[in-house]
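The values are calculated or read from the model by the stated rules, or taken from the named source; none is laboratory data. Since this is a predicted model, take the numbers as computed values, not measurements. Every residue, glycine among them, receives a Cβ derived from its backbone with ideal geometry; neighbour counts consider all protein chains shown.
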Amino acid sequence: MSFIFKQLRIPDVISITPYLFNDERGYFFENFKHSAFKQHQIDLNFIQENFSKSKKNVIRGLHFQKNPKAQAKLVTAVSGEIFDVAVDLRKNSSTFGKWVGEILSEINHKSLYVPKGFAHGFCVLSEGATVMYKINQEYSPDHEQGIVWNDPDIAISWPISEPIISEKDQNLPLFKNQDYDFNP
C-alpha cells in the first residue's frame with residue numbers, strides 16, 4: 001500500500017498520507033501515483049503545478065475558479081506546517097457552506113485533495129512554509145473568484161491570532177454575495 005486515503009467531515013475532501021520508506025540515508029515516498037488515486041475515485045490529469053512560499057501567520061485564500069475552469073487541487077506542504085482549508089460551494093450539497101481543515105506539514109507528509117466546487121485557503125503555522133499545488137485546470141484570471149478569509153457565515157476557526165493577508169484577499173466578497181454554479 002502506497003497511501004492511506006481518509007475522508008474528512010466533508011467526504012469528498014480527502015486527506016492522503018503516503019507510506020515512507022526510511023533507512024539510514026533518510027526517506028523516500030511517492031506523493032502522487034495515478035493508479036492508487038484512481039482506485040479511490042480521484043481520477044485526474046494534473047496539468048499545472050504551483051508553489052508558494054509564505055511566512056508565519058500568512059493566510060492565502062479563500063480562492064476558487066468558476067466553471068468551466070473550476071479546479072481540483074492536490075495540496076502538499078513541502079516545508080513547514082500549514083492549516084489547509086476547503087469550503088464546499090456546491091449548492092445542492094448537504095455540506096454547502098461548510099468547511100474542513102487539516103494540518104499539512106513536512107513532518108506528516110500529508111496532502112489534501114480538494115475537488116472542484118470548493119474554495120481553498122491555508123494559514124502558515126511554522127516560521128515559514130512552501131506549499132505545492134497540483135491542479136487539473138490551468139489558471140484562468142477570467143474565472144478567478146474568492147471569499148474573504150474571515151467570512152462570518154463560514155466561520156473558519158483559523159489557529160492564528162494575527163494573520164497577514166494580501167490586500168486582494170482582504171477585499172474578497174462575502175460567501176452570501178457570490179453566485180455559485182457548482183453541483184455535487
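Laid out as a table, the results:
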{"read-out": "Lone unmet requirement of (1) hydrophobic (A, V, I, L, M, F, W, C); (2) over 14 Å from the mean Cα position of the chain (by Cα); (3) within 24 Å of THR17 (Cα to Cα) for PHE96", "value": "(3)"}
{"read-out": "Selection within the range 1-45 - part of a loop (DSSP other than H, G, I, E, B), under 23 Å from VAL100 (Cα atoms) and out of contact with any Asp or Glu (no Cβ under 7 Å at 6 or more places or on another chain)", "value": "ARG9, PRO11, ASP12, VAL13, ASN31, PHE32, HIS40, GLN41, ILE42, ASP43, LEU44"}
{"read-out": "Among the residues listed as VAL87, VAL100, VAL124, VAL114, the single one being buried (at least 20 other Cβ atoms within 10 Å of the Cβ), in contact (Cβ under 8 Å) with a residue 40 or more places away in the chain, in contact with a Phe, Trp or Tyr (Cβ under 7 Å, 6 or more places away or on another chain) and under 21 Å from SER52 (Cβ atoms)", "value": "VAL87"}
{"read-out": "When residues of the range 15-54 are limited to those that are under 16 Å from ASN136 (Cα atoms) and among the β-branched types (Val, Ile, Thr), the one surrounded by the fewest Cβ atoms within 10 Å (Cβ to Cβ)", "value": "ILE47"}
{"read-out": "Extreme residue, surrounded by the most Cβ atoms within 10 Å (Cβ to Cβ), among residues of the range 167-178 that are touching a residue at least 60 places away in the same chain (Cβ under 8 Å) and part of a loop (DSSP other than H, G, I, E, B)", "value": "LEU172"}
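Residue by residue, here is whether (1) at pLDDT 95 or above; (2) aliphatic (A, V, I, L, M); (3) under 27 Å from ILE16 (Cα atoms) holds:
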| site | (1), (2), (3) |
| --- | --- |
| GLY101 | yes, no, yes |
| SER105 | yes, no, yes |
| PHE118 | yes, no, yes |
| GLY128 | yes, no, yes |
| ASP151 | yes, no, no |
| ILE154 | yes, yes, yes |
| TRP158 | yes, no, yes |
| ILE165 | yes, yes, no |
| ASN171 | yes, no, no |
